[in-house]
Each structure stands twice: as C-alpha cells, then as structure tokens.
Amino acid sequence: MKPANNHGVKRIIRATGFSFKGLKSAWVHEAAFRQELILALIMVPFALWVDVSLIEKLLMILTVFIVLITELLNSAVEAVVDRIGDEIHPLSGQAKDIASAAVFMSLALCAIVWALVLLPLVF
C-alpha cells in the first residue's frame, strides 16, 4: 500500500532507498550482475584514462552502464516470472529468453563500441 504522504523530497528519499535496496539485492542474488559490476569498476576508469576524445569516452562508459541497466531489468523479469509459479510455461520461458537476449544485445553493443574506439589506437 502506498503511503499517503508520498510526494516531494520525501518521495525522492524513499525512491532512492528502494533503488539502493534493489542494487544490494542484485549484488547478493545475481552472479551475472556481480561480474558485470566488477568489470564496470575496471572499464570505467580505463575509459577515463585512455587517450580518446570526450565523446568516445562517453560512449564507452555509456555502453557499460547500458549493460548494467539491462542486467538489472533481466533480473527483475526473472524474479517476477519465478514469483508467479514453479510450473514450466512457454510464456515464462519466452519472457526470460527475451530478457536474456536484451542483455546479450547490450553486451554486443558494448563490445562493438569498445572495439571501434580502441582498435585504431592499437593499429
């Protein structure tokens, strides 16, 4: 049930708390999110350090965050589907597969952007 006074600064504070609760839950329960976050903690400083344009740095960092965001949404879909029931249903599998495909696409985007930015520096 929604609290009656859920507006203004109080709402923002509560929403921020829920967001941190979600991040903590993803860290504790989702191995893929942990792995991607650890990689992000390496990749973002590297993107800031490497000698490329500001736009290229932003693209590199943006794609890393897209991976994390997509993984969080994938985990949310999986949690909701698992909450609904234990029976195997084609739509449950389809929802999980599509969410997983979204993560794959975000990883592919990240890899393509990083390759296009960094390969000219190597060759």
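Just one of the listed residues (ASP86, ASP97, ASP51) is over 27 Å from TRP27 (Cα atoms) and among the acidic types (Asp, Glu), and it is ASP51. Among the conditions (1) open to solvent by 100 Å² or more (accessible area, probe 1.4 Å); (2) in contact (Cβ under 8 Å) with a residue 40 or more places away in the chain; (3) not basic (Lys, Arg), the only one that VAL64 does not satisfy is (1).
Scanning region 1-58 for residues that are open to solvent by 100 Å² or more (accessible area, probe 1.4 Å), within 14 Å of the chain's Cα centre (by Cα) and small (Gly, Ala, Ser) yields no hits at all.
State yes or no: is MET105 surrounded by 11 or more Cβ atoms within 10 Å (Cβ to Cβ) and touching a Leu at 6+ places or on another chain (Cβ under 9 Å)? Answer is no for this residue.
Listed here are the residues, each with its yes/no results for (1) touching a Pro at 6+ places or on another chain (Cβ under 9 Å); (2) modelled with pLDDT of 95 or more; (3) part of a helix (DSSP H, G or I); (4) over 25 Å from GLY22 (Cα atoms).
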{"site": "ILE66", "(1), (2), (3), (4)": "no, yes, yes, no"}
{"site": "ILE69", "(1), (2), (3), (4)": "no, yes, yes, no"}
{"site": "ALA76", "(1), (2), (3), (4)": "no, yes, yes, no"}
{"site": "ASP86", "(1), (2), (3), (4)": "no, no, no, no"}
{"site": "GLY93", "(1), (2), (3), (4)": "no, no, yes, no"}
{"site": "ALA101", "(1), (2), (3), (4)": "no, yes, yes, no"}
{"site": "LEU109", "(1), (2), (3), (4)": "no, yes, yes, no"}
{"site": "LEU119", "(1), (2), (3), (4)": "no, yes, yes, yes"}
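Contact map, region 67-82: first residue farther than 20 Å from ALA111 by Cα, second residue among the charged types (D, E, K, R) and open to solvent by 50 Å² or more (accessible area, probe 1.4 Å), Cβ cut-off under 6 Å, separation 6 or more or different chains; pairs are GLU78/LYS96; VAL81/LYS96.
Among the conditions (1) surrounded by fewer than 18 Cβ atoms within 10 Å (Cβ to Cβ); (2) at pLDDT 95 or above; (3) touching a Lys or Arg at 6+ places or on another chain (Cβ under 9 Å), the only one that VAL81 does not satisfy is (2).
The values are calculated or read from the model by the stated rules, or taken from the named source; none is laboratory data. In this text, all values refer to a predicted model and were calculated from it rather than measured experimentally. As a convention, Cβ positions derive from the backbone with ideal geometry for all residues, glycine included, and neighbour counts pool all protein chains shown. SASA here: full protein model, heavy atoms, side chains in, ligands and nucleic acids out. Shrake-Rupley method; radii C 1.70, N 1.55, O 1.52, S 1.80 Å.
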